[in-house]
Every structure is written in structure tokens, then in C-alpha cells.
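Undergrad: Please read through the structure below; I'll follow up with questions.
The values are calculated or read from the model by the stated rules, or taken from the named source; none is laboratory data. All figures in this text were calculated on a predicted structure; none of them were measured in a lab. Neighbour counts are summed over all protein chains in view; Cβ atoms, including those assigned to glycine, are modelled from backbone coordinates with ideal geometry. Just the protein is used for accessible areas: all its heavy atoms, side chains included, with ligands, DNA and RNA removed. Shrake-Rupley method; radii C 1.70, N 1.55, O 1.52, S 1.80 Å.
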Amino acid sequence: MSVTTLPSRGMALRQPSWIARLFDYKPFLIVMCLTPAIGLLTVFLTYPLGLGVWLAFTDTTIGQRGIFIGLENFQYLLKDPLWWNAVFYSVFYTGIATIGKFALGFWLALLLNNHFPLKSLLRAIVLLPWIVPTVLSALAFWWIYDPQFSIISYLLVDVLHIRSTNIDFLGTPWPARFSLIAANIWRGIPFVAISLLAGLQTISPSLYEAAMLDGATAWQRFRYITLPMMMPILAIVMTFSIIFTFTDFQLVYAITRGGPVNSTHLLATLAFQRGIAGGELGEGAAIAVSMIPFLVFATLFSYFGLARRKWQQGEAND
Amino acid sequence: MTDVAAQPGNSNVASATPDTMAWDSRARRVMMIYLPLACFVLILLFPFYWMAITSFKPNAELLNYKQHNPFWISSPTLAHIKHLLFNTAYPTWLKTTMFVAIGSTFLSLFASTLAAYAIERLRFRGSPYVGLGIYLAYLVPPSILFIPLATVIVQFGLFDSPMALILVYPTFLVPFCTWLLIGYFKSIPYELEECALVDGATRLQILRRITLPLAVPGLISAGIFSFTLSWNEFIYALAFIQSGANKTVPVAILTELVTGDVYQWGALMAGSLLGSLPVALFYSLFVDYYVSSLTGAVKE
């Protein structure tokens with residue numbers, strides 16, 4: 001930013017109107033500047049969040065005001081096998097998908113951190129799965145997982161002759177669960193890779209030079225330089241990733257809608273099914289609210305579990 | 001987390017990485033870098049290839065792998081796209097989606113520019129907390145909010161209206177944009193504003209003539225992010241919109257095009273392809289901003 005001449009000469013000559021002078025009164029200006037953002041967030045985020053918690057304690061249905069029923073919704077959920085099933089699959093989905101995304105994403109970041117021709121083009125291409133609307137790429141996966149015309153089955157059966165029958169990807173519970181996780185990992189890799197790539201670029205090359213002079217192997221350099229230096233950024237990216245994977249909705253809704261036999265319901269899709277499609281707003285809200293403890297726990301776990309290393313060592317980088 | 005330095009060009013800072021220093025042979029490099037990279041690219045791009053190839057395949061080829069190689073098209077056809085454009089409401093959905101995405105992007109940019117300016121430039125007691133509060137709003141996932149929000153939307157009389165989406169999308173766009181723009185404003189030297197103040201410019205003039213023009217790269221990347229995020233949004237659009245004409249592309253394809261037991265894969269994939277194109281085009285125009293601000297934004 002090497003701007004040395006200011007366009008202020010002309011402005012100073014004009015006498016500011018009273019409105020402009022009002023805006024020069026700092027507290028007024030601050031309030032005016034914050035009003036749109038805070039207003040939008042209060043009306044459409046904070047208020048609904050509170051309302052959602054309130055609804056969870058009522059028996060509201062669509063078109064009918066509910067009354068306060070205390071913990072009844074939650075007691076009902078605790079006895080509901082479908083809710084437990086959704087809890088199980090949400091945790092499982094988040095766990096496996098996060099491990100997959102971070103292992104592959106980190107690997108891809110390390111690969112992209114090398115020098116090769118067309119590097120920036122490749123980075124741009126790699127981000128595509130993250131740009132394209134999830135539902136639309138989910139539809140492509142749905143087609144890839146088609147029971148009869150799956151291209152994966154075609155490869156395995158007709159080209160490689162590894163299997164003799166087509167795989168029923170989405171028709172049976174466990175294959176369906178893993179198919180969704182694979183699609184989620186596919187979608188998550190680019191974001192993890194690009195974020196971690198940014199982290200990798202902040203590591204000073206001199207650290208590696210010193211390590212190489214000391215005779216450290218590639219694995220040792222990764223283990224003792226790359227990994228510790230990446231912990232803070234890993235903590236943040238993983239926290240984000242866990243929150244958005246746990247509360248995922250679109251992918252499951254687009255590909256299986258919770259089926260077969262409700263085996264792939266996440267808490268979010270179950271909440272939608274009961275709350276919006278089924279009209280039981282109170283119960284749906286209770287399911288949505290039941291995600292909060294998991295989210296808080298997962299966030300604390302991932303953030304402090306990984307970030308701890310940093311403040312234990314007391315290194316104040318940046 | 002709030003001190004984001006989102007400068008374009010950050011991604012180019014990569015200097016010598018360990019492998020350029022290593023004495024590795026060409027073969028080793030191919031095995032360790034190029035081969036895995038090729039696999040990644042192949043897997044990451046395959047669904048798009050499959051989407052594209054399905055959109056142009058005639059139905060006879062689409063469902064017959066025995067006589068036709070599924071990876072190629074022997075007689076490409078525009079039938080699926082024609083069907084989509086002339087026999088369905090696809091153009092309307094595209095228009096609605098565009099309207100919603102542009103509307104919510106402008107609303108979010110307006111709100112978050114002012115907020116970021118107030119937090120970063122007008123420093124007041126508690127400004128870091130306001131910044132943190134706005135940032136934390138990003139961590140509240142839509143899956144928790146959509147049920148109560150639906151009742152709020154009904155109360156406001158906005159149910160089934162694209163306006164509802166334009167007003168609701170900023171809840172996840174504003175935190176992100178504000179966060180990004182705070183970083184940009186931080187990179188603009190204070191002295192510029194101070195000089196202008198001394199010269200007698202009003203605060204609004206400073207914002208309009210000095211700070212905003214210098215923050216244009218930040219505004220562009222915040223705009224791209226907002227546009228793509230609102231184009232992609234699904235759960236609110238699914239919950240708040242009922243009538244076919246007001247649906248956004250992702251929702252409409254899933255609820256209006258998926259009918260019956262026999263899925264029209266050609267039309268579905270053509271719809272997905274056309275629905276992805278605007279974001280992909282938009283993204284490719286500004287890809288440098290996009291990648292660098294993404295890499296910049298996550299840097300602590």
C-alpha cells in the first residue's frame with residue numbers, strides 16, 4: 001500500500017452537512033455501523049437459537065402453539081431407538097470422515113507444497129469439490145452409487161473381475177453408511193488441504209535445512225518439525241470440520257434421506273424429518289438441541305486437545 | 001483468531017521446501033509426488049467428469065454398459081439439456097437462485113463492511129468482544145437453527161418467499177465476511193485515515209474514499225465467498241420454500257426432478273452440471289483471490 005497522495009484536499013474545502021457531522025460523533029457512528037450486522041444476527045440467529053431451546057421444551061406442532069412440557073421431549077428421545085441410532089451414526093460419521101479428511105487432506109497439502117509446474121492451476125482445480133454445491137455433487141455420487149449402473153460396480157465386476165455381483169451401495173445399512181462417509185471425505189479434502197497448505201507455508205525452511213544438516217530423515221522432519229508447527233492450525237481447521245460434519249444435512253438428505261431402514265439418519269436429518277416434514281416442531285427442536293452437548297464436547301476436545309501442545313511448550317509464534 | 005491477515009499473494013510465498021533441497025532422483029520424485037497427486041486429481045475430479053459425460057449421453061448408452069464403453073460417449077446428445085431448459089422450470093430456478101445469491105451477498109457485504117470498519121477502525125471499549133461475538137455466530141450451524149427459524153419466517157409472513165432466504169443467509173455470511181474484512185482493514189495503514197482526519201475529512205468521507213477503495217480486494221473475496229455459499233445453501237431453502245417457482249437450484253433438482261422410481265439420470269446430471277457452472281465460472285474468474293484469501297484467512 002504505497003499511497004502517498006490523499007484525495008483529501010477537495011474534501012476539506014466543502015463544508016460538511018449536519019448529517020456528516022452527526023456521523024463524526026463517534027458513538028453514533030459506531031452504533032450506526034454495527035446496527036445492520038448485529039440486527040440481522042440478533043433477529044435471525046440469537047433469537048431463533050433461544051426460541052429453538054424453548055421449542056424443545058414444548059409440544060408445538062405446525063400450526064399449533066405448544067405448551068411447556070418440560071423434559072418430556074427429551075425423555076421420549078432417550079427411549080427412541082431411532083434417536084440413539086442417529087446419535088450413533090452422527091458420531092461414527094463425524095469420527096471416520098474427520099480421520100479420512102485430515103489424513104488425505106494433510107497428505108495432499110504436503111504434496112501441493114512441493115514445487116512443480118502448473119502448481120497454482122492444480123491448487124485451483126483441487127478446490128473444485130468444495131466450490132460446487134454439495135447437493136449437486138451428492139447427486140453425482142448418488143448416480144455413482146446406483147445399484148444397477150454404478151460405475152464402481154462396473155469397474156470391479158466387468159473390468160477388473162474382482163467381484164461377480166454389483167455392490168448394493170445404498171440399499172443395505174453398512175455399505176450405505178460408508179458410501180456417505182466416502183462422499184463426505186471427498187468433499188472435505190480440498191478445504192482441509194488448502195487450509196493446511198497455508199499452515200505449511202508459514203513454516204520457515206531454515207528449520208528443515210538445520211534438521212537436514214543434523215541428518216534427520218524425512219519422517220523425522222515431518223514428526224518433529226512439520227507436525228508440531230501445524231498443531232495450532234490443525235486445531236482450528238479440525239474444530240470447524242467437526243462442527244460442520246456433525247451437523248451435516250445436505251449430503252445425507254440428498255443421497256439416502258436417512259434410509260435404508262433409517263440406518264443413515266444424522267441428528268440433523270432426523271430433526272428435519274420429525275420437525276418440518278412430520279410437523280412435530282417441538283420434537284424436532286429437541287433433536288436439534290440435543291446436538292449442542294455433542295458439539296460443545298467435540299469442539300473442546302479438538303480445540304484444546306490439539307492446541308494444548310502449543311501453550312504447554314509456551315512458544316509464542318506469530 | 002480474529003487477527004487475520006488476509007492478503008492476496010500469500011500463497012506465493014512458498015519458498016524452498018525440503019524436497020527441492022533433497023538430492024532425490026527423478027524417479028523418486030515421480031513416485032512420491034506426481035503419482036499420488038495424479039491419483040488425488042483423478043478421484044477429486046471424477047464425479048464431475050461422470051456428471052458431465054452423463055449429461056450428454058443418450059439414454060440408450062446411459063443404461064447399457066455391455067455394448068457401450070461407459071467412460072465415453074459415442075453419440076453425444078443435447079436432449080437432456082433441452083428437456084431441462086424447455087420442459088422443466090429450470091430457468092426459473094436458476095433466476096431465483098441468482099436473485100437470492102446476489103441479494104444476500106450485497107446485504108452481507110453491506111452489513112459486514114460497516115461492522116468490520118467499526119470493530120477494527122473505530123476502536124471502542126469492547127470492540128474485540130463484539131468481533132468475537134460476531135465470529136462465534138459462525139459456529140452456530142444451520143441444522144440447529146432451521147426449525148425455530150421456520151417459525152420466525154412464518155411470523156414475519158415471509159414463508160415461501162425468496163426474501164426469507166436473502167434475509168436469513170447473512171446469518172452465516174456476515175460472520176465470515178466480517179472476519180475476513182477485519183483482516184483487510186488491519187492491513188491498511190492507520191496513517192492514511194489520520195492524515196485525512198487532519199485535513200478535515202469526515203469519517204464517512206474517509207470510509208468511502210480511502211478505506212473502502214483500499215479494501216476492494218477484500219470486498220471481492222468476501223463477495224465471492226458469500227455468493228458461492230448462498231448458491232450452495234440447502235437446508236434453509238428446503239425448509240422455507242414450498243412452491244416450485246421459488247425454489248433454488250439445489251432444492252429444486254432434488255425435490256422436483258427426482259420423481260418416480262425411474263430416475264432420469266441424464267436430466268439430473270445435466271441439472272447438476274448447469275447448477276454448478278455459475279459458481280465454477282465465478283470461481284475461475286477470481287480464483288487467485290479465492291485461493292489466496294482462503295489460505296490467508298486461515299493463517300493465524
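Undergrad: Stretch B:K82-B:Y34 to full length: gain in nm at 0.36 nm per residue minus the Cα-Cα span?
TA: Working: separation 48, 0.36 × 48 = 17.28 nm, distance 4.01 nm.
Full-extension gain reported as 13.3 nm.
Undergrad: Leaving out ligands and nucleic acids, note down the accessible area per residue over segment B:191-238 with a 1.4 angstrom probe, in whole Å². Display every interim value, and only then the final one.
TA: Working: 1510 Å² over 48 residues.
The answer is 32 Å² per residue.
Undergrad: Now a separate question. Segment A:75-151 to segment B:222-251: how many Å between their Cα centroids?
TA: About 21 Å separates the Cα centre of segment A:75-151 from the one of segment B:222-251.
Undergrad: Mind listing, in residue-number order, the residues in segment B:64-94 that have at least 20 Å² less accessible area with every protein chain present than in their own chain alone (1.4 Å probe)?
TA: B:Y65, B:K66, B:P70, B:F71
Undergrad: Return the Rg/Rh value of the protein assembly as shown, two decimal places, where both radii are evaluated on C-alpha atoms and Rh is the Kirkwood radius.
TA: 0.98
Undergrad: May I ask which residue of A:G258, A:A210, A:L300 lies farthest towards the positive end of the charge dipole of segment A:195-318, with charges of +1 (Lys, Arg) and -1 (Asp, Glu) on Cβ and the Cα centre as origin?
TA: A:G258
Undergrad: Let me ask something else about it. Would you list which lysines come within 17 Å of B:K247, measuring only between C-alpha atoms, while excluding same-chain residues fewer than 8 positions from it?
TA: Hits, sequence-local ones excluded: B:K95.
Undergrad: Which of the peptides A:278-288, A:231-241 is most tightly packed, and how do the rest follow, judged by the mean count of other Cβ atoms within 10 Å per residue?
TA: Numbers: A:278-288: 24.8, A:231-241: 20.3.
Packing order, densest peptide first, comes out as A:278-288, A:231-241.
Undergrad: What nm distance separates the two modelled labels at B:V41 and A:F74, each placed 7 Å from Cα along Cα→Cβ?
TA: It is 5.3 nm.
Undergrad: Average the reciprocal distances over every distinct pair of alpha-carbons in segment B:159-300, invert the result, and give the Kirkwood radius in Å.
TA: 17.9 Å
Undergrad: Sorted by accessible area with a 1.4 angstrom probe, largest first, how do B:V154, B:V287 fall?
TA: Putting B:V154, B:V287 in descending order of accessible area: B:V154, B:V287.
Undergrad: Also, I was wondering about something else. P(r) tail for segment B:26-132, what percent of Cα pairs lie past 18 Å?
TA: 74 percent
Undergrad: Oh, and also: Probe radius 1.4 Å, ligands and nucleic acids left out: can you give me the accessible area buried at the B-A interface, summed over both chains, in Å² to the nearest hundred? Please list the in-between numbers first.
TA: Numbers: alone 17370 and 19910 Å², together 26800 Å².
Interface between B and A: roughly 10500 Å².
Undergrad: Before I look further, what does segment A:183-273 give for accessible area per residue, probe 1.4 Å, in whole square angstrom?
TA: Per-residue accessible area for segment A:183-273 comes out at 31 Å².
Undergrad: Report in % the part of the accessible area of the protein assembly as shown that belongs to carbon and sulfur, leaving out ligands and nucleic acids; probe 1.4 Å.
TA: 67 percent
Undergrad: Quick check: the distance between the Cα centres of segment B:107-130 and segment B:29-90, to the nearest angstrom?
TA: Result: 46 Å between the Cα centres.
Undergrad: Moving on to the next point. Can you compute the radius of gyration and Dmax for chain A, using only the Cα atoms, both in Å?
TA: Final numbers for Rg and Dmax: 25.8, 85 Å.
Undergrad: Counting Lys and Arg as +1 and Asp and Glu as -1, each charge on the Cβ, what is the dipole of the protein assembly as shown about the Cα centre in debye, to the nearest 20? Write down the numbers at each step before the final one.
TA: Numbers: 35 positive and 29 negative charges, 148 e Å.
Around 720 debye, computed over the protein assembly as shown.
Undergrad: In whole percent, what relative contact order does chain B give with Cα contacts below 8 Å and a gap of six or more residues? The partial results should precede the final answer.
TA: Working: 327 pairs, mean separation 110.3, N = 300.
Relative CO of chain B lands at 37 percent.
Undergrad: Let's test this: bin the Cα-Cα distances of segment A:19-127 at 10 Å from zero up to the farthest pair and state each bin's percent.
TA: For segment A:19-127, the binned pair fractions read 11, 16, 17, 20, 23, 12, 1 percent.
Undergrad: Rounded to the nearest 20 debye, what is the charge dipole size of segment B:78-207 about its Cα centre when +1 sits on each Lys and Arg Cβ and -1 on each Asp and Glu Cβ?
TA: Approximately 260 debye in magnitude.
Undergrad: Follow-up question, since we're still on this one. Based on the mean of other Cβ atoms within 10 Å per residue, sort peptides A:95-104, B:119-128 so the most packed one is first.
TA: Most protected by this proxy first, the peptides run A:95-104, B:119-128.
Undergrad: What does the C-alpha gyration tensor say about the overall shape of segment B:171-235? Classify as rounded when a/c is under 1.5, otherwise prolate if a/b is larger than b/c, or oblate.
TA: Taking the square roots of the gyration eigenvalues as a ≥ b ≥ c, segment B:171-235 is prolate.
Undergrad: Here is a further query. Using the C-alpha atoms of segment B:45-95, what convex hull volume per residue, in cubic angstrom, is computed?
TA: 85 Å³
Undergrad: How large are Rg and Dmax for chain B when calculated on the C-alpha trace, in angstrom?
TA: Values for chain B (Cα only, Rg and Dmax): 23.7, 79 Å.
Undergrad: Using unit Cβ charges (K, R positive; D, E negative) and no other charged atoms, how large, in debye to the nearest 20, is the dipole of chain A about its Cα centre?
TA: Numbers: 19 positive and 14 negative charges, 163 e Å.
With Lys and Arg at +1 and Asp and Glu at -1, about 780 debye.
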